[in-house]
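To keep things clear, I will list the structure first and then write my remarks on it.
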Amino acid sequence: MSGKTHKYDVSITWTGNYGAGTKSYTAYGREHEIDTLDAPTILGTSDPAFRGDPSRWNPEQLQVAALSQCHMLWYLNLAAAAGVVITAYADNALGVMTQNDTGAGQFEFATLRPRVTITADSDKQVAMRIHSDVPAKCFIARSVNFPVHHEPVITTEGEKGTSQSA
């Protein structure tokens, strides 16, 4: 595969040693910090179901957030190129993971539910179609091995939301 190569350096530092290290499953915390140059530290943990701190981000949430972010950024890019003016964008994304009897698990699917507001002179059909164009571009969606569904709602400024599936 030719083309540009991009590298993403991230540091993870475990901060959950309560004094006994990993002497037992309950002896240590799942707290950690996620760092990169020039960006604020993200406070991470495991899912609360696995003894994590619910006030910190867990890897599963970050996975869903990355999918949602990537979709939004590509959507805004493609909308601008198509002459669709977006004035607001929000997504309440959901990821569903299952765990088997051995403790291993995997994501079964994610559903992105973007709510997009466009200007009155923008084409609502084009705005909706662009959502279906994004998966071919989004680096994160192209890299996961589970389905990513889309349930967008497009609203024109000054009107109530209308839902359509992409």
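The values are calculated or read from the model by the stated rules, or taken from the named source; none is laboratory data. Only a predicted model underlies this, so the values are computations on that prediction, with no experimental measurement involved. As a convention, Cβ positions derive from the backbone with ideal geometry for all residues, glycine included, and neighbour counts pool all protein chains shown.
If you go through segment 27-42 and pick out every residue that is closer than 13 Å to residue 52 by Cβ and not small (Gly, Ala, Ser), you end up with 4.
Cβ separations smaller than 7 Å between residues 6+ apart or across chains give the following pairs from segment 56-70 residues that are on the phi < 0 side of the Ramachandran plot to residues that are part of a helix (DSSP H, G or I): 67/141; 70/141. Being of a type in the set (Val, Ile, Thr), within 30 Å of residue 105 (Cβ to Cβ) and either in the same structural domain as residue 78 (by TED's automatic domain parsing) or touching a helix residue (DSSP H, G or I) at 6+ places or on another chain (Cβ under 9 Å) (or both) is the requirement here; does residue 153 meet it? For residue 153, the condition - of a type in the set (Val, Ile, Thr), within 30 Å of residue 105 (Cβ to Cβ) and either in the same structural domain as residue 78 (by TED's automatic domain parsing) or touching a helix residue (DSSP H, G or I) at 6+ places or on another chain (Cβ under 9 Å) (or both) - is not met. Out of 73, 62, one residue alone is part of a helix (DSSP H, G or I), among the aliphatic types (A, V, I, L, M) and within 30 Å of residue 26 (Cα to Cα). It is 62. Quick check on my filter: what residues within segment 35-48 are at pLDDT 90 or above and among the aliphatic types (A, V, I, L, M)? Within segment 35-48, 39, 42, 43 qualify. Looking only at segment 33-55, residues that are among the polar types (S, T, N, Q) and in contact with a Pro (Cβ under 7 Å, 6 or more places away or on another chain) come to 0 in all.
Taking the criterion of being outside any strand (DSSP E or B) and either β-branched (Val, Ile, Thr) or surrounded by 15 or more Cβ atoms within 10 Å (Cβ to Cβ) (or both), the residues of segment 83-95 that qualify are 84, 85, 93. Checked against the criterion of being small (Gly, Ala, Ser), in a helix (DSSP H, G or I) and out of contact with any helix residue (DSSP H, G or I) (no Cβ under 6 Å at 6 or more places or on another chain), the candidates 20, 27, 49 yield just one match: 49. Checking each residue of segment 95-104 against the condition of being touching a helix residue (DSSP H, G or I) at 6+ places or on another chain (Cβ under 7 Å) and either in contact (Cβ under 8 Å) with a residue 24 or more places away in the chain or in the same structural domain as residue 147 (by TED's automatic domain parsing) (or both) gives at least one match. Within segment 1-59, restricting attention to residues that are of a type in the set (S, T, N, Q) and surrounded by fewer than 10 Cβ atoms within 10 Å (Cβ to Cβ), the residue that is farthest from residue 99 (Cα to Cα) is 2.
Does residue 98 satisfy the condition of being β-branched (Val, Ile, Thr) and either surrounded by 18 or more Cβ atoms within 10 Å (Cβ to Cβ) or within 26 Å of residue 147 (Cα to Cα) (or both)? When the stated conditions are applied, residue 98 passes them.
Taking each residue of segment 124-135 that is in contact (Cβ under 8 Å) with a residue 12 or more places away in the chain and looking for partners that are aromatic (Phe, Trp, Tyr) and part of a helix (DSSP H, G or I) with beta-carbon atoms closer than 7 Å, six or more apart or interchain, yields 130/75; 131/75; 134/74; 134/75. If the condition is being surrounded by fewer than 12 Cβ atoms within 10 Å (Cβ to Cβ) and polar (S, T, N, Q), then segment 101-122 contributes 102, 106.
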